[in-house]
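Structure record follows, encoded as structure tokens.
The values are calculated or read from the model by the stated rules, or taken from the named source; none is laboratory data. All values derive from a computational prediction rather than experimental measurement. Here the Cβ positions follow ideal geometry from the backbone for every residue, glycine too, while neighbour counts run over all protein chains shown. For accessibility, only protein heavy atoms count, side chains too; no ligands or nucleic acids. Shrake-Rupley method; radii C 1.70, N 1.55, O 1.52, S 1.80 Å.
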Amino acid sequence: MSTGAIPAAKPMIGDEERRAVDRVLASGMVVQGPEVAAFEEEFSALVEGRPCVAVNSGTSALHLGLLAAGVGPGDEVIVPSFTFAATANSVALTGATPVFADIEPDHFCLDPVAVEAAVSPRTVGIMPVHLYGHAADMTALQAIADRHGLALFEDACQAHLASWHGRPVGALGTIGTFSFYPTKNMTTGEGGLVVCADEEIARKVRLLRNQGMERRYENELVGFNTRMTDIAAAIGRVQLTKVGAWTERRQANASYLDTHLTGVATPKVAGGAVHVYHQYTVRAHGRDALQARLSEAGIGTGVYYPIPNHRLPSFADGAGRGVDLPETERACREAISLPVHPALTDNDLERIVAAVTKAVEA
Ligand SMILES: *Cc1c(COP(=O)(O)O)cnc(C)c1O
């Protein structure tokens, strides 16, 4: 019986990934090339065949995707505050203003009622985050977008293979973005990808990714260097063959925890949603004490996120000023993520349940 520490997350990078990297290194062609093109093609199969453009991070995917969709100074984009800072950062980096809206308590995602209340004449889009691997209510958000003539920009950075009423997240908006940071459900080391609603947006993202060039030295616009390397893409192609099975493990682990945990509020899944459990996040009163006790028992946990975006020093005096989001604040106090990653053993799962039970009774 193992008694070592159980990490909160465990990137799975194996021999096949090493061989793929070695193949690229041996070829001598390491920058964006055939591996990136193949990775984009293969990822596209997961998002209804939409055009995909790979970049160097999820943050770049959000930033370039918004720019390609035409977001800029004077515009407002409605975002959750209960998310990783990259969500609102990407809006701010375009020169637009992130407008923070509250979440609904069941799935920690944007509350459509709060979103509709935040719509102003300057609003151009809504950016739902499919937090922890659970889709935001895309049906209600689409209806709001239709009513007010807004775009949907999906932050699917935590939601590879998640779906909403049978459709993959990331393929439901004008853009959908993914991250391949090591702790995400699949990795390329660092990396990201923009799923585009049409070829015109995809072309703009490709231009922005590479100094505004399609043909070398005929720069059409002012762009970035946010290319993915063929080394990263080769890792990603191997990971794509495994992410399905890993997701099933995550779901099986979550199901075990749902059944056996007591004393904490386990995650809910909306009708029509397939949850991919990037995180298995419970609510607990006395969350910090629980985290400390679990740490003593060798159980790694995560608090995502302790400070809402609107109160971060980066936004507090700007877009976050005067913002009051009670459900977001409550989630920041109560949410704690338990290990759910595919490397967990049955024994690990039993230990997690036993340690939580003991900690909440203490
Ligand atoms: C990870 C993440 C990002 C950013 O991805 P990076 O690859 O780290 O730049 C954006 N949004 C959310 C919700 C994330 O979890």
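Computed with a 1.4 Å probe on the full set of protein chains, the accessible area for Tyr256 sits at about 70 Å².
Each Lys and Arg contributes +1 and each Asp and Glu -1, all at the Cβ; summed about the Cα centre of segment 1-103, the dipole is approximately 240 debye. Under the criterion of Cα pairs below 8 Å and six or more residues apart, the relative contact order for the chain equals 23 percent. Per-residue ellipticity at 222 nm from helix content only, as computed over the chain with -39500 (n - 2.57) for each DSSP H run of at least four residues, stands at -11500 deg cm²/dmol. GNM on the chain, C-alpha springs below 10 Å: top fluctuator among Val47, Val269, Val205? Comparing Val47, Val269, Val205 in a Gaussian network model of the chain, the most mobile one is Val269. For the chain, carbon and sulfur atoms together expose 53% of the accessible surface, with a 1.4 angstrom probe and every protein chain in place. Using a simple spin-label model with pseudo-atoms 7 Å out from Cα toward Cβ, Thr357 and Lys10 lie 2.2 nm apart. Projected label points at Ser295 and Arg216, each 7 Å from Cα along the beta carbon direction, are separated by 5.3 nanometres.
Of the GluC sites (Glu not before Pro) found in segment 183-253, the ones in coil according to DSSP and having at most 14 other Cβ atoms within 10 Å of their Cβ are Glu214, Glu218, Glu220. Out of segment 1-102, which GluC sites (Glu not before Pro) are coil in DSSP terms and have no more than 16 other C-beta atoms within 10 Å? The qualifying sites are Glu48. Taking a sphere under 11 Å around the Cβ of Asp230 and counting the other residues whose Cβ falls inside, with K and R at +1 and D and E at -1, yields a net charge of +2. Among the listed pairs Lys184/Lys358; Lys268/Lys358; Lys10/Lys358; Lys10/Lys268, those with a Cα-Cα distance over 27 Å are Lys184/Lys358. Charge dipole of the chain (Cα centre as origin; +1 on each Lys and Arg Cβ, -1 on each Asp and Glu Cβ, all else neutral): 520 debye, rounded to the nearest 20. Within the assembled protein chains, the solvent-accessible surface assigned to Phe224 is about 70 Å², based on a 1.4 Å probe. The residues of the chain present an accessible area of 41 Å² per residue when probed at 1.4 Å with all protein chains retained. Once the chain from Glu41 to Glu200 is taken as fully extended at 0.36 nm per residue, the excess over their C-alpha distance is 55.5 nm. Note on the chain: dipole from Cβ charges, positive end direction compared against Asn347, Gly49, Ile103; the farthest Cα belongs to Asn347.
Counted as membrane-span-like here are DSSP H helices of the chain whose alpha-carbon atoms extend 20 Å or more along the helix's own axis and whose Kyte-Doolittle mean is -1.0 or above; these are 243-260, 346-361. The heavy atoms of Leu67 present about 50 square angstrom of accessible area, all protein chains included, probe 1.4 Å. For the set His107, His341, solvent exposure ranked by accessible area (probe 1.4 Å, protein chains only) runs largest to smallest as His107, His341. In this simple spin-label approximation, Asn225 and Asp317 carry label points 7 Å from Cα along the Cα→Cβ vector, and these lie 3.4 nm apart. Placing unit charges on the Cβ atoms only, positive for Lys and Arg and negative for Asp and Glu, gives segment 243-361 a dipole magnitude near 120 debye about its Cα centre.
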